[in-house]
1. Based on C-alpha coordinates, I'd like the Rg and Dmax of the range 38-93, in Å.
2. Provide the net charge surrounding residue 63, with neighbours chosen by a C-beta distance below 13 Å and charges set as Lys +1, Arg +1, Asp -1, Glu -1.
3. Of 76, 26, 63, 52, which has the most accessible area and how do the rest follow, probe 1.4 Å?
4. Need the full-extension length gain, residue 33 to residue 85, defined as separation in residues times 0.36 nm minus the C-alpha distance. One decimal, nm.
Amino acid sequence: MILNANAPDLAMRRARPTCARPFAEVRSDLTKRQWQIIKLRAAGFSNKEIGVQLSLTEGTIKVYLGRASERIGCDVRALVRNAARYDYQNRLR
């Protein structure tokens, strides 16, 4: 097995940082469909379950999440975690 000496560097360039901006500000950068999918993901639904609910394929759901992540500039998991926190905090108000 040949190891690439640049592999750690390449991995660091591909990794998206966690979301640094407040989610209320980030929310306005998302489309309605992206926000809808992120809310469902934050509620615990799998990509497949979301696809069934919205009549979309699992691959399409992944594309929506990926593009939302790129648009905001953070990792999908961080995006979903922040969305869940934002939704929970606003429900308490």
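The values are calculated or read from the model by the stated rules, or taken from the named source; none is laboratory data. Everything numeric here is computed off the predicted structure, so don't read it as measured data. Note that we place each Cβ from the backbone using ideal geometry, even for glycine, and neighbour counts take in every protein chain shown. Ligands, DNA and RNA are excluded from the accessible area calculation, which covers all protein heavy atoms including side chains. Shrake-Rupley method; radii C 1.70, N 1.55, O 1.52, S 1.80 Å.
1. 11.7, 35
2. Neighbourhood net charge equals +2.
3. Putting 76, 26, 63, 52 in descending order of accessible area: 52, 63, 76, 26.
4. 16.8 nm
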